[in-house]
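*Asks:* First the structure, which I've put down as structure tokens, then a few questions once you've had a look.
Just so it is clear, none of the values below were taken in a lab; they were calculated from the coordinates. This structure is a prediction, so every number in the text was calculated from the model and none was measured. No Cβ is skipped: glycine too gets one built from the backbone with ideal geometry, and neighbour counts run over all protein chains shown.
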């Protein structure tokens, strides 16, 4: 009793006087996630084709529920994670900095593994290859006509083959994000969520 009066008299918070069991009850509703907790996220903005040579701000959506160590739902599907996609050798890495959960914003530190780059799907489609082949055929025709005065079919075919091959080989590398290809984020620091 005497120590309680002394603590109050010198201005310590009354919660410091509560037994440990009572102090834990004050954390009702508080959810803590440890470093290394995995979140599964995906783009819900349709297919996003992004260059791998620039930083891109993007928003992703959590696709699977995340539970804390006690089995309490911490992050429901549909929660938004905002951050930036940063170029890395061979692809890009997403670095999450903000989570929007039930209308509240939480600062986070989360990162993805390397998201591998691919050839730009818009430049390696059948239509794009056909266009490149057509350009190559025209170039073969013009070059053959200029050099020989005639247009043998072999020159046209060679130009078409060269055009389609060159277009496919020179297609830029991009990062493609879509809802059908979710990926994992890891929390790089603990996260406390308060209702």
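*Asks:* How fast does region 52-91 diffuse by Stokes-Einstein, in µm²/s, taking the Kirkwood radius from C-alpha pairs at 20 °C and 1.002 mPa s?
*Replies:* It comes out at roughly 177 µm²/s.
*Asks:* State, to one decimal in nm, how far the label point of residue 88 lies from the label point of residue 67, with both points 7 Å from Cα in the Cβ direction.
*Replies:* 2.9 nm
*Asks:* How high is the relative contact order of region 60-102, given as a whole-number percent (alpha carbon pairs under 8 Å, six or more residues apart)? Spell out each step's value before the answer.
*Replies:* Working: 66 pairs, mean separation 13.9, N = 43.
Relative CO of region 60-102 lands at 32 percent.
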